[in-house]
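Q: Before anything else, here's the structure in question.
The values are calculated or read from the model by the stated rules, or taken from the named source; none is laboratory data. Remember, it's a predicted structure, so these values are computed and weren't measured experimentally. Here the Cβ positions follow ideal geometry from the backbone for every residue, glycine too, while neighbour counts run over all protein chains shown. Accessible surface is based on the protein model in full, side chains and every heavy atom, while ligands, DNA and RNA are left aside. Shrake-Rupley method; radii C 1.70, N 1.55, O 1.52, S 1.80 Å.
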Amino acid sequence: MANMSINLVLYHGSMLPHEHVPSQLRLVRTRVLATNRALQVFTENCTCSASSSSCCYYFHFNGCSCRWKRLVRSCSTIESVIASDENYGNKQVISVTPRLYDYILENVREPEILRQLREETASMRGSQMQVSPEQAQLLAMLVQTLGAERCIEIGVYTGYSSLAIALVLPESGYLAACERNAESLEVAKKYYHLAGVSHKVDIKQGLAAESLEFLIQNGEAGSYDFAFIDADKRMTPKYFELLLQLVRAGGLIVIDNVLWHGKVADPLVNDSKTISIRNFNQQLMEDKRVSISMVPIGDGITICRKN
């Protein structure tokens, strides 16, 4: 069998009631057993007992040529990860636990109208498609920092991210909101009205690619400052190419779900959506038309600045 590398996260110590072990842990364990390789776990300079809340783990698969690697440091309040490539040194990067994520949410300045929309959407089918509050806050800040006046969103759903953007646009601002689902758009329209931003939002119901092509044919190429893509993942490359024509030099294009629940880094996951996202991420790495930054917020976003 070829050399292999398997990442495994172990949770040690008592957990708070809401800190459930994620399903990914069970899946990883299944894969480990399927390899027929024995797993050895060692602890570093600590005693792991029932009363211990802090351990450092080393993992090694018998028969695997990879070196010992410390993958996770787990303490009572934090978890951090270290890159498997030694050339990155031992820099520890924070890993978001349920407790830490609750803390992050407590420190999001979420406008009351957005909270109301979020809570209404939570009971709807497909609510997982709504961006998280900390993502929406970042999108709004990017729009403000850029001084954007003309924006595009691909994939509105019930309008949480588009409303966050519209709220920070100037009174003369314009947001082209592309969405094909009429039912979810009714919710978005209601909250645009309640927030007093309906005059800033131009809803384009239908296929997003057709809407973008119409804008280009209408002579609007290079006239937009900011764009956000959060729609059919297999269409992302098409949307990106069209938005590169519509967004001005120096403008931003932000793509959501670039980490896809971690599936993009798992070689055992090869469904069509995951492959599409994985390929697009690689294409962006090689695309000299934009400067990029992949940010592990929400389900992962990549911020692209058009050169």
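Q: By its C-alpha gyration tensor, with a ≥ b ≥ c as the square roots of the eigenvalues, how is the range 103-260 shaped: rounded for a/c under 1.5, else prolate for a/b larger than b/c, else oblate?
A: rounded
Q: Then there is this: Can you give the extra length, in nm with one decimal, that the chain gains between H199 and N307 once fully stretched, where that is 0.36 nm per residue apart less the Cα-Cα distance?
A: Computed gain between H199 and N307 is 35.8 nm.
Q: In nm, give the distance between the simple-model label positions of N90 and I275, each being 7 Å from the Cα along the Cα-to-Cβ direction.
A: A separation of 4.2 nm, rounded to one decimal place.
Q: Starting from the amide H of D202, placed 1.01 Å from N in the peptide plane, find each other amide H under 5 Å away whose residue is 5 or more places distant or on another chain.
A: When sequence neighbours closer than 5 places are left aside, the close amide H contacts are L175, A176, A177.
Q: Moving on. State the Kirkwood hydrodynamic radius of the range 167-307 in Å, one decimal place, computed from all pairs of distinct Cα atoms.
A: The Cα-based Kirkwood calculation yields 16.2 Å.
Q: If you don't mind, another one. Quick check: the distance between the Cα centres of the range 175-205 and the range 210-245, to the nearest angstrom?
A: One Cα centre to the other: 18 Å.
Q: For A227, list long-range residues whose amide hydrogen, built 1.01 Å from N in the peptide plane, is under 5 Å from its own amide hydrogen.
A: Placed amide hydrogens put I152, L252, I253, V254 under 5 Å from A227.
Q: Related question: Place a point 7 Å from the Cα of L207 along the Cα-to-Cβ direction; which residues of the range 233-265 have their backbone N under 18 Å from it?
A: 233-243
Q: Could you pull out every one of the lysines with an alpha carbon less than 16 Å from that of K189, ignoring same-chain neighbours closer than 8 positions?
A: List returned: K200, K204.
Q: Could I ask something else about it? Within a Cβ distance under 15 Å of F226, other residues only, what is the Lys/Arg minus Asp/Glu net charge?
A: Surrounding charge for F226 is -2.
Q: Can you pull a Stokes-Einstein diffusion coefficient for the range 83-148 at 10 °C (1.306 mPa s), Rh from Kirkwood over Cα pairs, as a whole number of µm²/s?
A: The calculation lands on 108 µm²/s.
Q: Which FRET efficiency, nearest 0.05, do Q217 and A182 yield, Cβ-Cβ r, R0 22 Å?
A: After rounding to 0.05, the efficiency reads 0.35.
Q: Separate question: Can you give me the % of accessible surface on the range 167-302 that is carbon or sulfur? Probe 1.4 Å, all protein chains present, nothing else counted.
A: Numbers: 3440 of 6460 Å².
C and S atoms contribute 53 percent here.
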